[in-house]
Amino acid sequence: QKEVEQNSGPLSVPEGAIASLNCTYSDRGSQSFFWYRQYSGKSPELIMFIYSNGDKEDGRFTAQLNKASQYVSLLIRDSQPSDSATYLCAAAIDAGNMLTFGGGTRLMVKP
Amino acid sequence: NAGVTQTPKFRILKIGQSMTLQCTQDMNHNYMYWYRQDPGMGLKLIYYSVGAGITDKGEVPNGYNVSRSTTEDFPLRLELAAPSQTSVYFCASSTRRAGLAGQRSYEQYFGPGTRLTVT
């Protein structure tokens with residue numbers, strides 16, 4: 001059984017702080033990892049994907065992958081109230097056609 | 001492009017009734033998916049399709065059926081609805097996208113969802 005685990009939160013951070021979201025996965029065969037953002041009542045949207053160990057940066061977002069520890073994280077710098085949403089971590093054994101999703105972490109950014 | 005569209009947005013079914021959730025995409029994507037999302041939970045894959053005429057089961061297929069007669073459409077059929085099928089249903093389609101250093105991945109685009117209640 002492939003599993004992706006996330007702390008459900010809520011994770012509360014003040015505006016301007018760094019939000020750190022974490023995810024662990026059980027299938028060592030997982031090759032690619034995705035972070036989706038989901039606003040309340042809306043559908044998920046892709047914000048980052050990562051394949052290689054280390055960091056990948058895109059604007060205020062940094063994804064980090066440690067395959068030895070089976071650990072993925074998402075850092076959001078200079079958090080804004082508009083970042084308040086649920087963040088879903090997903091893992092795939094391929095390039096992303098077949099995703100296993102975690103339960104999501106709810107982030108609240110307080111002005 | 002409208003992207004991925006789903007109908008209806010909301011539906012209430014009585015136990016034992018049947019219905020079809022419609023999904024259409026206009027992006028010419030080969031891959032399409034159906035997920036369900038229970039409150040406070042992640043997405044569970046019900047069925048997927050790699051192209052017209054080809055479908056396969058996902059993690060939670062029991063109680064559902066799909067067909068894919070065209071690239072654009074991927075309807076999900078619920079037979080004999082049960083309260084356990086109360087959920088939000090998302091349809092998605094995917095295409096390959098280029099990333100940094102030549103990495104490629106499949107980005108899944110989601111429809112707006114259908115909120116289904118079975119009572």
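Details
- Within region A:18-111, the chymotrypsin sites (Phe, Trp or Tyr not before Pro) that combine a DSSP coil assignment with at most 13 other C-beta atoms in a 10 angstrom radius are A:39.
- Distance in nm between pseudo-label sites at residue B:67 and residue B:82 (7 Å out along the Cβ direction from Cα): 2.4 nm
- Cα-derived Rg over Rh, computed across chain A with Rh taken as Kirkwood radius: 0.95
- Annotation: aspartates and glutamates with alpha-carbon distance below 20 angstrom to residue A:56 (same-chain offsets under eight excluded): A:45, A:78, A:83, A:94, B:107.
- Residue (of B:66, B:24, B:82) at the positive-pole extreme of the protein assembly as shown, dipole from beta-carbon charges: B:82
- Over all distinct Cα-Cα pairs of chain B, the Kirkwood formula returns a hydrodynamic radius of 14.6 Å.
- Gaussian network model of chain B, springs between alpha carbon atoms under 10 Å - residue of B:87, B:69, B:49 with greatest fluctuation: B:69
- Counting only residues at least eight positions apart within a chain, or on another chain, the aspartates and glutamates with an alpha carbon under 19 Å from that of residue B:14 are B:38, B:79.
- Pairs exceeding a 23 Å alpha-carbon distance, out of A:42/B:44; A:2/B:57; A:110/B:9; A:42/B:9; A:42/A:110: A:110/B:9.
- Neighbourhood net charge (14 Å Cβ-Cβ; Lys/Arg +1, Asp/Glu -1) for residue A:63: +2
- Partner chain coverage, peptide B:33-46 - average Cβ within 10 angstrom: 4
- DSSP beta bridges fully contained in chain A are about 90 percent antiparallel.
Taken together, the values in this text are just the output of simple stated rules run on the coordinates, not laboratory data. Model, not experiment: these values are computed from the prediction. Note that each Cβ is placed from the backbone with ideal geometry, even for glycine, and that neighbours are counted across all protein chains shown.
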